[in-house]
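Reading through the structure tokens given below for one structure.
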Amino acid sequence: MNIEEKLKSGQRLDYKDGLALYELDLFTLGKYANEKRKALYQNKAFFNVNRHINPTNICKDICKFCAFSANRKNPNPYTMSHEEILNILDESVKHHITEVHIVSAHNKDAGLDWYMGIFKKIKERFPALHVKALTAAEINFLASTYDMSYEQVIDLMIENGVDSLPGGGAEIFDEKVRDYICKGKVSSKQWMQIHDIWHKKGRKSNATMLFGHVEKREHRIDHMMRLRDQQDKSGGFNAFIPLVYQRENNYLHVEDFLSSVEILKTYAISRLLLDNIPHIKAYWATSTINLALMAQEFGADDLDGTIEKESVQSAAGAKSAAGLKLQDFLDLIQTSGYVPVERDSLYNELKVYDN
Ligand code: V47
């Protein structure tokens, strides 16, 4: 059976099929991915009104792809005070954000109390705000720094008001590539274990994949297959987010960058392979908003959100530093033929912009 016959048969795809999908031309592949996407969500394009906060850029790890952490290339270390973070949110809630997304570096001086303290204060001041915070890499960092188990850190997070986990820190699971791009950080197994524990607590999380650097197609497919296996066991991933590698101000020397065709193929393949993860997010901060809108025709159904301010990807060249205005976001989605659907962090529909 060739790959198109297998797609038509509705059988579950395997690793080899994933690689074969890359060999299809973009439009054939896109047709199958779009059929799946349309069957699930018709022409809805999901987004949320959110605020990203990156509270510190001081990091004990050196990931070659990272332009955010303070180092020779970015010599401006900072750590926000709790007051600063709360002031930011005072402003953001005026724009009706429903989610705060908090991701930062592995900073020993900030520490466990500092993190748990800010989560608690956010929940006290803004009880309705969904707190999506701490990647598995940060949880691993806190657990090892304070000699705690993952479960102990996770229980503290829940106690202090964290609602869901962002998908960061996954990078590429293949151990060789991972060692090359981010040696010393949370391992692939540990990343999975942390999400497994989180899911077993009845909570939701996301999963990312950083691609377009030194990895090959086979590593992307392997990454997706490992996530699909985990999802079969624990079922708590809401969204898969392929993050397109941004090339500036970092220590990874990449000669060949991905074509838009390869990026769109990767979104489409993720929709077809990850039959058990409901949402595929084209995170516009790394794909550009134009390609994120195109990706809606190639399997993606979500665009992340308005963001307001973003420091991780923009440090490496992405045009996401100031987020996107809600009205611009809506206009872009509508003029590309989709119905913008504002969702909450758990994908409940809050508002459908259908006129
Ligand atoms: O894990 C770092 C990535 C991630 C670069 O869960 C880079 O909804 C591209 O986790 N080029 C953190 N990416 C961001 C993250 C995230 C983002 C959006 C939505 C969600 C979600 C989570 O940023 C890291 C890393 O893979 N990153 N440097 C770079 N040069």
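The values are calculated or read from the model by the stated rules, or taken from the named source; none is laboratory data. This one's a predicted model, so the numbers in the text were calculated from it and none came from an experiment. Cβ: placed from backbone, ideal geometry, glycine included. Neighbour counts: every protein chain shown.
Can Leu243 be described as within 30 Å of Ile197 (Cβ to Cβ) and either of a type in the set (Phe, Trp, Tyr) or within 13 Å of the ligand (Cβ to nearest atom) (or both)?
yes
Out of the helices (runs of 4 or more DSSP H) lying entirely within region 1-102, which hold 3 or more residues that are among the small types (Gly, Ala, Ser)?
Ranges flagged: 26-41.
Filter region 207-247 down to the residues that are over 19 Å from Lys176 (Cβ atoms) and aliphatic (A, V, I, L, M), then identify the one that is surrounded by the most Cβ atoms within 10 Å (Cβ to Cβ).
Ala207
Take region 314-355 and flag every residue that is assigned to a loop (DSSP other than H, G, I, E, B) and closer than 25 Å to Lys265 by Cα.
Hits for region 314-355 are Gly317, Ala318, Lys319, Ser320, Ser336, Gly337, Tyr338, Tyr347.
Got at least one residue in region 152-169 being within 16 Å of the ligand (Cβ to nearest atom) and in a helix (DSSP H, G or I)?
yes
Evaluate the following for His219: is it more than 23 Å from Leu258 (Cβ to Cβ) and within 16 Å of the ligand (Cβ to nearest atom)?
The answer is no for His219.
Looking at Glu5, Glu99, Glu35, Glu84, which is the one that is under 30 Å from Asp163 (Cβ atoms) and free of Cβ contacts under 8 Å to residues at least 12 places away in the same chain?
That would be Glu84, the only listed residue that is under 30 Å from Asp163 (Cβ atoms) and free of Cβ contacts under 8 Å to residues at least 12 places away in the same chain.
Matching residues to (1) assigned to a loop (DSSP other than H, G, I, E, B); (2) at pLDDT 95 or above; (3) more than 9 Å from the ligand (Cβ to nearest atom):
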{"site": "Thr208", "(1), (2), (3)": "no, yes, no"}
{"site": "Asp229", "(1), (2), (3)": "no, yes, yes"}
{"site": "Glu248", "(1), (2), (3)": "yes, no, no"}
{"site": "Tyr251", "(1), (2), (3)": "yes, no, yes"}
{"site": "Lys265", "(1), (2), (3)": "no, yes, yes"}
{"site": "Ala268", "(1), (2), (3)": "no, yes, yes"}
{"site": "Leu272", "(1), (2), (3)": "no, yes, yes"}
{"site": "Val312", "(1), (2), (3)": "yes, no, no"}
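For residues in region 288-310 being among the polar types (S, T, N, Q) and either within 14 Å of the ligand (Cβ to nearest atom) or assigned to a strand (DSSP E or B) (or both), which is farthest from Ile241 (Cα to Cα)?
Only one residue fits best here, namely Thr306.
For region 253-263, give me the residue count where each residue is of a type in the set (Val, Ile, Thr), within 18 Å of Gly30 (Cα to Cα) and within 16 Å of the ligand (Cβ to nearest atom).
The number of residues fulfilling the criteria is 1.
I need every pair where a residue in region 308-322 that is under 16 Å from Asn57 (Cα atoms) and of a type outside the set (D, E, K, R) has its Cβ under 6 Å from the Cβ of a residue that is more than 8 Å from the ligand (Cβ to nearest atom) and part of a helix (DSSP H, G or I), sequence separation at least 6 or different chains.
What qualifies is Ala321/Ser314.
Taking the conditions exactly as written (over 24 Å from Ala285 (Cβ atoms) and without any contact (Cβ under 8 Å) to a residue 60 or more places away in the chain), does Gly212 satisfy them or not?
Taking the combined requirement at face value, the residue does not satisfy it.
Just to be sure I understand the filter: pairs with C-beta atoms under 6 Å, separated by 6 or more residues or on different chains, first member in region 177-198 and within 12 Å of Leu165 (Cβ to Cβ), second member in a helix (DSSP H, G or I) and acidic (Asp, Glu). Which pairs pass?
What qualifies is Ile197/Glu151.
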